[in-house]
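The structure appears below as C-alpha cells.
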Amino acid sequence: MERLGFDNLSKKDQKVMLSLYEETGQPEKAIKLKPEYAEKVVNDLVSNQKYDDLRTLQSKIDNPVVNFEVAFLDKKWEDVVRLKDKVKMTDRRENQLLSAYLHLRRMDEAKNWLRNLLN
C-alpha cells in the first residue's frame, strides 16, 4: 500500500492504511498522511486514558490537536489558550479552555467564553 502512495489509494484503502498505522503503534504516520486523523487518534487515547502514549505521540509529531490535549494534561494553561483557534472545539475542549482561563485568573475571558457558548 505504501508503495502505491496514499493519494493513489481508494478512500476505503486509505481508511485501512490509516487504521493499520494506528493499530501497529504508528499513529504519527497516519496523522502525517491525513492531519485531521489526529482527532480520532487523540479521542481514542484520551478515552482509554493512554496519556503517556499521547505525550509520546507529541514528541513524534507537531499537530495542534495533539498539542492542545497535552498542554491541558500538563497544565500549560497559556498553551491551551493559544491553541484554542487551531482545534475543533468539542464539549470536552470547551470545558478544558474554560478551565485554562480560570487557572490563569482571566475571569473576563472566561465570562466572555461562557457568554459566547450560551448564545
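The values are calculated or read from the model by the stated rules, or taken from the named source; none is laboratory data. In this text, all values refer to a predicted model and were calculated from it rather than measured experimentally. FYI the Cβ positions are ideal-geometry reconstructions off the backbone, even for glycines, and counts take in every protein chain you see. For accessibility, only protein heavy atoms count, side chains too; no ligands or nucleic acids. Shrake-Rupley method; radii C 1.70, N 1.55, O 1.52, S 1.80 Å.
Please give the length that would be gained between His103 and Lys32 if that part of the chain were fully extended, namely 0.36 nm times their separation in residues minus their C-alpha to C-alpha distance (nm, one decimal). Don't skip to the end; give the middle numbers.
Values: separation 71, 0.36 × 71 = 25.56 nm, distance 3.27 nm.
Gain on stretching His103 to Lys32: 22.3 nm.
Using only the alpha carbons of the chain, what is the convex hull's orientation-averaged projected area in square nanometres? Before the final figure, lay out each step's value.
On the way: hull surface 33.3 nm².
Mean shadow area of the hull around the Cα atoms is 8.3 nm².
Stick to the Cα atoms of the stretch 57-107, pair each with every other, and give me the Kirkwood hydrodynamic radius in Å at one decimal. Working shown, then result.
Working: mean 1/r = 0.0922 Å⁻¹.
Evaluated over the stretch 57-107, this radius sits at 10.8 Å.
When the accessible area of the chain is split by element with a 1.4 Å probe, what percent falls to carbon and sulfur?
Working: 3750 of 7780 Å².
Carbon and sulfur atoms account for 48 percent of the accessible area of the chain.
Tell me the mean residue ellipticity at 222 nm calculated for the chain from its helices only (DSSP H runs of n ≥ 4, each -39500 (n - 2.57), averaged over every residue, nearest 500). Kindly include the intermediate steps, with their values, before the conclusion.
On the way: 8 runs with 82 residues, N = 119.
It lands at -20500 deg cm²/dmol.
Holding the Cα-Cα limit at 22 Å, pick out from Lys34/Lys86; Lys50/Lys76; Lys40/Lys111; Lys34/Lys76; Lys15/Lys40; Lys32/Lys76 the pairs that are longer than that.
Working: Lys34/Lys86 16 Å; Lys50/Lys76 19 Å; Lys40/Lys111 30 Å; Lys34/Lys76 27 Å; Lys15/Lys40 12 Å; Lys32/Lys76 25 Å.
Too far apart for the 22 Å limit: Lys40/Lys111; Lys34/Lys76; Lys32/Lys76.
Would you mind working out the accessible area per residue for the chain, using a 1.4 Å probe, and quoting it in Å²? Provide the component values of the computation, followed by the final result.
Values: 7780 Å² over 119 residues.
That works out to 65 Å² for each residue.
Sum up the charges of everything whose Cβ sits under 15 Å from the Cβ of Asp91, counting Lys and Arg as +1 and Asp and Glu as -1, but leave Asp91 out.
Details: positive: Lys84, Lys88, Arg92, Arg93; negative: Glu39, Glu69, Glu94.
For residues surrounding Asp91, the net value is +1.
Starting from the Cα of Lys15, step 7 Å along the direction of its Cβ; do the same at Tyr51; then give the gap between the two resulting points in nm.
Spacing of the two 7 Å Cα→Cβ label points: 3.3 nm.
Quick check: pseudo-label points 7 Å beyond the Cα along Cα→Cβ at Leu73 and Leu118, how many nm apart are they?
Placing both labels 7 Å beyond Cα along the Cβ direction yields 3.3 nm.
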